[in-house]
Amino acid sequence: MKLVTWNTQWCCGNDGIVSPRRIVDGARQLADFDVLCLQEIAVNYPRLRGDASGDQPAQLAALLPGFQLFFGAAVDEWEGGERRRFGNLIATRLPVAQVQHHPLPYPPDAGVRSMPRMCTVVTVTDPALGPVRIMTTHLEFYSKVQRMAQARALRELHAQYSAQAAAPPEHSSDGSPFQGKVHTGRAVLCGDFNLEAREPEYATISAEGDDAPLWDAWRLLHGKQPHPPTFRIHDRTYGPDPVACDFVFISDALKGKVRRLWLDGETQVSDHQPVAVELA
């Protein structure tokens, strides 16, 4: 299974052009992906740089024939009588078992710029790996208080899913909403975490000594070698130096399945760089 994760900056490149097509083309150049996880997907935000007034989930669906797309809006608001949405999207050509959207904590942090955040979870069935829980998210950039609360919530969410897999509820095949679900300990958590590997939120998410650890795919392959930067490489609007903040975490059940992790450090069709991982 090949997965690509990318913060698209509402599909806006460093040249100010908004183009979902360039995002899809860039992801395809990076990998023949089975799963595509995108952050910062917009619906009807004309005042964003480059004009994101379109319905980007619909545009992406047209560009990805053969894929199912699942959009989770972290922000769902009305302005001037018009609905606007902003969030994460998972597209996959693998069979889908279930989809869930989880709002993440949004504690007060007075006077600090922020917006709501969420995690989209899609359980797919890979022919070689079996059921895999794909989780994609985008944590708060400005508020450290909110970012830590969100990191803890992701840990709790993964632990809950893992516990359900270990001790599933009563099975039912009655065709009701209570009917049996696909529970799996095999999971991938990816996205833009807006933090570096040296920060406490990173340790909170990974919690490698926990009963349900999450392993950084880069470190599984490369040990203590520094992560390649994924942000502020070509555009220094948000800081002076390049940093790595887009990660792929792997559950314990998939720890031995990571074959490769690579990225495109050259593309400028977003202010972040896309990251790909292969599990086999």
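None of the figures in this text is laboratory data; all of them are computed from the coordinates on show. Only a predicted model underlies this, so the values are computations on that prediction, with no experimental measurement involved. All Cβ positions, even for glycine, are placed from backbone atoms using ideal geometry, and neighbour counts span all protein chains on display.
Observations, loosely collected:
- At R0 = 25 Å, FRET efficiency that the Cβ-Cβ distance of Asp235 and Arg93 yields, to 0.05: 0.20
- Checking every one of the trypsin sites (Lys or Arg not before Pro) in region 66-118 against DSSP loop status and a limit of 12 other Cβ atoms within 10 Å picks out Arg113.
- Per-residue extension of 0.36 nm, minus the Cα-Cα distance of Ser53 and Ala207, leaves a gain of 51.5 nm for this segment.
- In the elastic network of the chain, a GNM with C-alpha springs shorter than 10 Å, the most mobile of Gly130, Gly111, Gly66 is Gly111.
- Taking every C-alpha pair closer than 8 Å and separated by at least 6 residues, the mean separation divided by the residue count of the chain gives a relative contact order of 20 percent.
- Here the Kirkwood formula, the inverse mean of 1/r across different C-alpha pairs, assigns region 43-88 a hydrodynamic radius of 11.4 Å.
- Bridging of Lys257 to lysines at a Cα separation below 25 Å is possible for Lys2, Lys181, Lys224, once same-chain residues fewer than 8 apart are set aside.
- Selection of trypsin sites (Lys or Arg not before Pro), region 186-280, meeting DSSP coil and at most 13 other Cβ within 10 Å: Arg198, Lys224, Arg236
- Taking all Cα pairs closer than 8 Å and separated by 6 or more residues, the relative contact order of region 170-280 comes to 27 percent.
- Shape class of region 57-160 from the Cα gyration tensor (axes a ≥ b ≥ c, square roots of the eigenvalues): oblate, since a/c reaches 1.5 or more and a/b does not exceed b/c.
- The chain - convex hull of alpha carbons, volume per residue in Å³: 143
- At most 13 other Cβ within 10 Å, DSSP loop - GluC sites (Glu not before Pro), region 136-186: Glu170
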